[in-house]
Each structure stands twice: as C-alpha cells, then as structure tokens.
Amino acid sequence: MEERLTSKDYKNEISNIILDNINSINLHKLLDKYHPYDLSRVILELEEDTIKNLFENFPEDFSAEIFEYFSVEEVQDLMQLFSKELVAIIISLMDLDLSVDLIKGLKKQGIELLNKIEKTRRRQILKIMKYTEYEIGSYLNDSFLTLDINCSVKEAMKQVINLAHETDYISLIYILDNNELVGYIKLKDLIVARADENISDIVESRFPKVYPEDNIEYVAKIMQETKESSLPIITKENHIIGVVTHDDLMDIITLAEEEDYTKFAGLSDFDSKIESFGVLKSVKSRLPWLSILLLLSMITSFILSFFDDSLSGSAPLLAAKLAVFLPLILDMAGNTGTQSLAVTIRYLTKNDNPSQTILKKMIYREIRTGIMQGLLIGIIVIGMILLTNLTTKGYLENIDYIYAIVTSGSIFVALIISTTLGGLIPIIMTKLKIDPAVASGPFITTISDIITLTIYYTISMAILLPLF
C-alpha cells in the first residue's frame, strides 16, 4: 500500500519539480495538481532568482491563485523582485475581497499598485474599499453565476458549463428576472432536473439575502443558521452585486472571537500582527481599562484599610487570622464570577434578542449554581481550616470551629453574589446596547473583590469580634 505523503514530502516533491523544470513553459501544468497554499509555502523557501523566474513565466491567473495565500508582509518582500506592473496585474486577478484586503494592507504601496490596475477592475476594488471592516460589503466576492428565470434547464446547463471554469463559486446559482434577484438553484438540483423543464419550475424563491452595509457578525449568524455555502449581497433595488461565502464566514468568526477575547482581557484594541503594534499603541489600548480597574482596586484597598483599622486596636489576633484565608476567598469568588460571565457572554453572542423568559431562567440558573457551589466549597473550606489548625496547633478549640463556619459562610454568600453578578452584568450591558464582552474578566473580578471583602469582614466582625 502506498505510504501517505507528509507535509515535508510534499514540499520536497514540489521543490524538485520546480528546480528540475525551471525553464519549462509547461511548469505551471506540472504544479497544477498541488494546492496553491502548498505552492506558496514552497516558493517562499526558494532562491530569489528562482522566485523571480517563476512568476515572470507563470500565467498571470495561475500566479494570482498562489498570491492569494501570501500574507501582506510576504507580498511586501516579494514586490522587490518584480515590476509593479506585474504585481498589479496579479492582484487584479485575485478574488475581489482578497485584492481589497491586500491593497489595504500594503497601504501606500497598495495605492500605487491600485493606480496601475485596469480601470474597470480598479472601480470594482474602490467600491469595496469604501466599506468598513465591520460591514459585509468588505467581504464581497464578485465571482458567482446567475441565470435568467425564463431559460430552460438545457440552456442553463450550457451556460454553467461555459462559465464554470472562470467562476469560483458555482454550488449556488442565482436566478434573475429583469436583473432582479428572485431566487437560487443548487447546482446538484440543476444537474438532476429534466432538460425540458424551465428554471422557473425548479427555482427556490425563499432565501436569505443581505445588504453590503450589514454587520459581519449578523451575516455570519445568518449563514450558520441557514447552513448555506454562500449568501447573496444585494442593493435596495434587489440587484445582486456579490456573494459572501463559507470561507469568509470562518474569517468573520475568527475575527469576532479574537475581538471578544481581547475585550474580555480588558483591552480596548489589538493587532495580531505584532510587528505593526508599537509600544505606544499597546500602552494606549490597555491604559483606559487599567485606569478604571485601578480606581476600583482603590475601593478594595479602602475597605481593607477600614476593617484593618477597626481590628488592629481591639483584636489584632483576629485581624491576623482573617488575613490567612482572605486570598482563598477572593480567588474563589473571582473565579466563579468569571465562569458565570463567560457562560452568559457566550450565550448572548450566539443568540440575538433572547426573550425575557430566557434571561430570567439564565439568572435563576446562575443563582442556583452559586448556591450549590457555595455549599460544596463551604464544606471543603470548613475541613481545610480545621485541618490547618489541627496540624499547626495539634488540637482544636471552640473558636476554631466558629472561625471555620464563619469563613465558609462568607464564601457561601460571596459565591452566590459573584455568580449572580457574572450572569447579570452582561445581560444589563446587552439591554444598554453595550457589547457584553466589555464586562471583562478583570472587571468582574475587581467588583467581586469589593463585595467579597465587605461580606467577609462584616460577617466576621459581627460574630467573631465579641469573642476576642
């Protein structure tokens, strides 16, 4: 049985084909069986003269397929090897949305290349560039098939066969009536349809459609729910101007998750390209949240100082005993609050406009979860405190039992409140039209610290202080 080729084997195989046939005009035909991504990775490892020779002799559309898998930084390095005219032609032949991304990423160099692109294609690129990164128009792809509703299945098949080789997405074919979008047909349904049938007999008129100004996360949710491989992007006049595809959906989801993660970490902005993310920009993105958290932490310090002053004079031993398990209580409350926060944010980001009934059920569930966790953790804490005192002193006093119960009781109350807050804060933010991811982990942890400290010292002073 033939052994499966590893990634390294593929690279060696591709490299050997290139080097052995570097002067062949049919080299691209020998490489056509390999995925453009694999070709792009191998080409980057070749000598500069070899790379220059390849792209100057490859058909330009073949080069464009490979260029689609180069990053902006890689293209910047490769541009030194070729004329700007050649790079401009290659970029113009890439998928429209990828051309736009690359030109934007190249900044000043991208504008220079844009001016060298053929006029009609340049206008198409400029139309897409006007959309922001959060509008689905920025992901618009113009490589799709359309058919007239009045043609027959036989005529439609001829058109599809003639155009399929130069079209990227043919699994869904969009149907027009006087240039207005009226439905779509799946390619497999067209193939199995009878030749004498009309397109109007088999068209699916119920379909999701989006506008170029629609938010990308909103469109991603529609694609996930409808499970379509592409969605038509239309104008207000119902004219189709492009499609957004399933691979775009993956990019959108990745971008949204990265954005939510950075907000959850208390960052106001983030750039995954570390080379372009300077120190000043990094400080600027983190400082606002750090300042807010600093102010909140000062409240924590004030509360701690207040109770410490109250205890240091009358019961310094109690102050010392309370401080022993203070980190444990704060950590447990913060952790449970963050868990509840993460679960709630995940639900809210995946479900638009949940009903009041659902939101109430979520809050009640978090309260019940907090009660159950508080009971279990409280029992464990009682055992830990008694075991610690027994180990250090060799015996237990009545005050040890009381202290263990008070501490576990404080944890019980703190966990209920922290878990409830973790579920409640994102819901309130959603109601206020604020991204729930802004209710970051550091934020909920700091709020939880303030409440937990107050609960712990209030209960302890009310019960334990008279005993010292």
If you wrap the range 205-247's Cα atoms in a convex hull and average its projection over all directions, what's the area in nm²?
-> 3.1 nm²
Just name one of Ser63, Thr132, Asn115: the one whose Cα is farthest towards the positive end of the charge dipole of the chain (beta-carbon charges, Lys/Arg +1, Asp/Glu -1).
-> Thr132
Principal axes first, then extents: for the Cα atoms of the range 371-468, list largest minus smallest coordinate on each axis, whole Å, largest first.
-> 57, 25, 20
Mind putting a number on the dipole of the range 144-245 about its Cα centre? Charges go on the C-beta only, +1 for Lys and Arg and -1 for Asp and Glu, and I need it in Debye to the nearest 20.
-> 240 debye
The range 371-412, Cα convex hull volume normalised per residue, Å³ | 45 Å³
Go from 0 up to the bin containing the longest alpha carbon distance in the range 144-245, width 10 Å each, and give me the % of pairs per bin.
-> 15, 48, 30, 6, 0
Please work out the Cα center distance from the range 349-423 to the range 321-342, rounded to the nearest Å.
-> 9 Å
What residue among Leu249, Ile17, Phe144 has its Cα farthest toward the positive end of the dipole of the chain, where the charges are +1 on Lys, Arg and -1 on Asp, Glu, each on the Cβ?
-> Leu249
In this structure, among Lys104/Lys221; Lys104/Lys130; Lys361/Lys431; Lys104/Lys433; Lys107/Lys127, pairs with alpha-carbon gaps over 22 Å are Lys104/Lys221; Lys104/Lys433
Cβ-derived FRET efficiency at R0 56 Å, Ile428 paired with Tyr37, nearest 0.05 = 0.80
Peptides 161-167, 207-213 ordered by average Cβ neighbours within 10 Å, highest first | 207-213, 161-167
Relative packing of 88-101, 411-424, 357-370, which averages over residues the other C-beta atoms within 10 Å, highest first = 411-424, 88-101, 357-370
Could you tell me the convex hull volume per residue, in Å³, taken over the Cα atoms of the chain?
-> 245 Å³
On a 0 to 90 degree scale, rounded to 10, what angle separates helix 7-20 from the longest Cα axis of the chain?
-> 30 degrees
About the Cα centre of the chain, how large is the charge dipole given +1 on each Lys and Arg Cβ and -1 on each Asp and Glu Cβ? Please answer in debye to the nearest 20.
-> 1960 debye
Over the alpha carbons of the range 7-130, what is the largest minus smallest coordinate on each principal axis, giving the biggest first in Å?
-> 43, 26, 23
In this structure, the FRET efficiency calculated for Leu295 and Leu326 from their beta-carbon separation, with R0 = 22 Å, to the nearest 0.05, is 0.55
Solvent-free Debye scattering, log10 I(q)/I(0), computed from the Cα coordinates of the range 77-167 at q = 0.13 Å⁻¹ | -0.55
DSSP bridge orientation in the range 81-183 - percent antiparallel, rounded to nearest 5 | 40 percent
With a 10 Å Cβ neighbour count serving as the proxy for reagent exposure, in which order, fewest first, do His35, His246 appear?
-> His35, His246
Bridge type composition, the range 144-245 - antiparallel percent by DSSP, nearest 5 | 70 percent
Which is farthest toward the positive dipole end of the chain among Ile43, Pro232, His28, measuring Cα position about the Cα centre, with Cβ charges +1 (Lys, Arg) and -1 (Asp, Glu)?
-> Pro232
Residue order, fewest to most surrounding Cβ atoms within 10 angstrom, among Thr338, Thr226 = Thr226, Thr338
Eigenvalues of the alpha-carbon gyration tensor of the range 279-467, times 5 and square-rooted, give semi-axes in Å, largest first, of 34, 21, 13
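Every number in this text was worked out from the coordinates using simple rules, so none of it is lab data. These numbers were taken from a predicted model, which means no experiment stands behind them. Note that we place each Cβ from the backbone using ideal geometry, even for glycine, and neighbour counts take in every protein chain shown.
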